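**Q** My structure is below; once you've seen it, I'll send some questions.
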Amino acid sequence: MSDIEYDLVIVGAGIFGLTFGERATQDGKKVLIIDKRNHIGGNAYSEKNPETGIEVHKYGAHLFHTSNDEVWEYVNRFSSFTNYIHRVYTTHKGEVFPMPINLGTINQFFHSNYSPDEAKALVAKQSEELGGKTPENLDEQGVSLIGRPLYEAFIKNYTAKQWQTDPKLLDPSIIKRLPVRYNYDNRYFNDKYEGLPVNGYAALFENMIKNENITVKLETDFFDESYKFSKSKIVGKVPVVYTGPIDKYFDYEYGQLGWRTLDFEESVENVDDYQGIGAMNYADLEQPYTRILEFKHFHPEREYKAGKTVIVKEFSRFAEKNDEPYYPVNTPEDAKNFELYKKRADAENNVIFGGRLGVYKYFDMHQVFASALEAYKSFSF
Ligand code: FAD
Ligand code: UDP
């Protein structure tokens with residue numbers, strides 16, 4: 001008989017952990033969720049800037065979008081959503097262009113008035129250098145999608161700042177998620193549903209854990225041996241859902257997997273409107289940051305103090321061991337090492353590895369909700 005008073009222990013109060021935990025409590029299970037941070041919600045957490053009351057997403061802008069009906073219905077149980085539609089602009093050589101690349105970007109860049117078919121024909125011609133080959137890396141994917149001139153203007157240097165990795169070593173999927181459109185539609189996402197939680201992400205996550213069967217313990221590290229429910233004390237005795245980094249779980253036995261981290265430089269500016277849009281990307285190397293976010297634009301329906309706005313500049317760099325891991329680099333070497341970790345994870349007794357850190361994969365929020373819902377369905381106590 002185990003002396004553990006919970007049916008399930010979840011490491012990480014991010015979207016994967018909260019969703020899995022919420023589902024289990026609906027089945028009457030007693031769940032403990034621990035997180036080493038001082039808040040729930042993982043990277044999707046947001047809080048109000050104290051000086052202005054503007055909601056700032058603490059770990060970078062988080063825009064919710066999905067085409068998955070089940071996920072949309074699920075998240076709407078915990079919050080209603082605004083009708084915010086995300087749009088992004090990018091600055092290149094002192095000029096502002098719409099992103100993702102659409103007919104407006106193409107015509108502005110080439111000082112032209114191409115029709116959709118003419119623009120398609122131009123890009124097809126410019127990507128002929130690949131000779132019809134299926135793109136095997138980000139560089140080839142970029143040229144194949146939009147031709148070399150547009151790739152070099154809008155993708156190459158931005159990607160160099162974001163990844164500091166030879167684009168020939170990066171996975172093509174990184175930019176495949178950016179649409180390319182031969183019309184003037186400049187929505188950033190293609191999804192059926194889009195919006196932001198009306199009362200903020202923190203309120204949505206709080207609603208997910210409003211259940212007497214969930215206990216949340218913050219500022220608690222699973223690897224801290226002084227903790228009652230640390231790894232060595234509970235694995236094998238009670239089911240565990242682990243959403244931290246997979247390499248850390250195995251004490252970096254096969255080396256560290258590559259991650260990018262971000263530094264955020266936040267400031268309050270004494271103007272009503274700093275840049276006229278929530279996200280302005282910087283496509284050139286001249287600015288060391290990749291983008292500037294201005295958070296008040298994400299909630300145009302809210303009333304904010306006049307004369308003040310919050311902006312955040314994002315700087316990307318390689319993550320060291322104690323940095324927050326944000327984006328998996330996933331070079332071929334990383335992919336090989338991940339497979340070794342994955343084999344170990346599959347053999348681990350009654351431990352589910354989930355979320356973006358647990359499976360070393362770039363996921364948007366809706367994909368994490370979906371994967372946690374699926375993982376719970378195929379799990380039995
Ligand atoms: P996380 O949110 O990382 O949660 C894991 C939790 O585990 C963390 O809270 C961590 O503290 C905890 N943990 C780790 N190790 C331990 C340990 N040893 N002990 C205790 N706790 C531990 N998605 C979108 O859909 N739209 C966007 O616009 C978007 N923008 C993004 C921008 C940035 C800069 C980043 C980094 C991500 C963005 N995402 C976006 C993705 C989104 O953040 C993720 O899909 C989602 O938050 C991942 O949830 P998760 O539960 O997998 O992981
Ligand atoms: N990207 C780019 N220029 C841009 C926007 C995106 O080159 O203006 C590339 C870049 O490699 C980035 C990827 O497309 O990592 C995906 O962009 P997205 O905005 O989806 O995600 P991010 O990684 O910036 O959060």
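**Q** When each pair of different Cα atoms in the stretch 296-381 is counted once in the 1/r mean, what is the Kirkwood radius in angstroms, to one decimal?
**A** Answer for the stretch 296-381: a Kirkwood hydrodynamic radius of 16.7 Å.
**Q** Hey, any idea what Rg/Rh is for the stretch 32-85, computing Rh the Kirkwood way over Cα pairs?
**A** Answer for the stretch 32-85: 1.01.
**Q** May I ask you to rank 163, 72 by accessible area, largest first, using a 1.4 Å probe over the protein chains only?
**A** Correct descending sequence by accessible area is 72, 163.
**Q** Per residue of the chain, what 222 nm ellipticity follows from adding -39500 (n - 2.57) for every DSSP H run with n ≥ 4, rounded to the nearest 500?
**A** Computed ellipticity for the chain at 222 nm equals -8000 deg cm²/dmol.
**Q** Report D for the stretch 108-173 in µm² per second (integer): Stokes-Einstein, Kirkwood Rh on Cα pairs, 20 °C, 1.002 mPa s.
**A** Taking Rh from Cα pairs, D becomes 172 µm²/s.
**Q** Additional query: Sort 176, 231 from largest to smallest accessible area, using a 1.4 Å probe on the heavy atoms of the protein chains.
**A** Largest to smallest exposure gives the sequence 176, 231.
**Q** Can I ask one more? Just want to confirm a number: the relative contact order over the chain, from Cα pairs under 8 angstrom separated by 6+ residues, in percent.
**A** Contact order relative to length: 26 percent.
**Q** Relative to the longest principal axis of the C-alpha atoms of the chain, give the angle of the C-alpha long axis of helix 365-377, reported between 0 and 90° and rounded to the nearest 10°.
**A** 30
**Q** Report, to two decimal places, the Cα Rg of the stretch 38-175 normalised by 2.2 N^0.38 Å (N = number of residues).
**A** That ratio works out to 1.34.
**Q** Next question. At a 10 angstrom cut-off on C-beta neighbours, averaged per residue, how do the peptides 263-270, 19-26 rank from highest to lowest?
**A** 19-26, 263-270
**Q** Given the pairs 36/228; 48/305; 36/248; 176/248; 36/342, which span a C-alpha to C-alpha distance of over 21 angstrom in this model?
**A** 176/248; 36/342
**Q** If you don't mind, another one. For the stretch 149-223, run through the GluC sites (Glu not before Pro) and keep only the ones in DSSP coil with at most 16 other Cβ atoms within 10 Å of their Cβ.
**A** Here the sparse-neighbourhood loop sites are 212, 219.
**Q** While we're here: In this model, which of 237/321; 231/361; 30/192; 125/336 are farther than 25 Å apart at the alpha-carbon?
**A** Over 25 Å Cα-Cα: 237/321; 30/192; 125/336.
**Q** Which shape class applies to the stretch 209-322: rounded if a/c is under 1.5, otherwise prolate when a/b exceeds b/c and oblate if not, where a ≥ b ≥ c are the square roots of the Cα gyration tensor eigenvalues?
**A** Since a/c reaches 1.5 but b/c is at least a/b, the shape of the stretch 209-322 is classed as oblate.
**Q** Additional query: Using only the alpha-carbon atoms of the stretch 314-358, report the extent along each of the three principal axes, biggest first, to the nearest angstrom.
**A** Over the stretch 314-358, Cα extents along the principal axes are 39, 21, 16 Å.
**Q** Let me see the pair-distance distribution of the stretch 69-128: every alpha carbon pair, 5 Å bin width, integer percents in order.
**A** 4, 14, 17, 14, 12, 9, 8, 11, 9, 2
**Q** Dividing the alpha-carbon radius of gyration of the stretch 130-265 by 2.2 N^0.38 Å (N being the number of residues), what value is obtained?
**A** That ratio works out to 1.52.
**Q** Take the Cα atoms of the stretch 210-275, find their three principal axes, and give me the spread along each one in whole Å, biggest first.
**A** Result, largest extent first: 56, 40, 20 Å.
**Q** Give a residue-ordered list of calculated ³J(HN,Hα) values for the stretch 228-237 (Karplus: 6.51 cos²θ - 1.76 cosθ + 1.60, θ = phi - 60°; whole Hz; x for Gly, Pro).
**A** Result, rounded to whole Hz: 3, 10, 6, 3, 5, 8, 10, 4, x, 9.
**Q** While we're on this one: How many Å² of accessible area per residue for the stretch 184-329, probe 1.4 Å?
**A** Value for the stretch 184-329: 48 Å² per residue.
**Q** Sticking with this structure for a sec: Cα convex hull of the chain: how many Å³ per residue?
**A** Once divided by residue count, the hull of the chain is 153 Å³.
The values are calculated or read from the model by the stated rules, or taken from the named source; none is laboratory data. Everything numeric in this text was worked out from a predicted model, so none of it was measured. Note: ideal-geometry Cβ built from the backbone for every residue, glycine included; neighbour counts use all protein chains shown. With ligands, DNA and RNA removed, areas are computed over all heavy atoms of the protein, side chains included. Shrake-Rupley method; radii C 1.70, N 1.55, O 1.52, S 1.80 Å.
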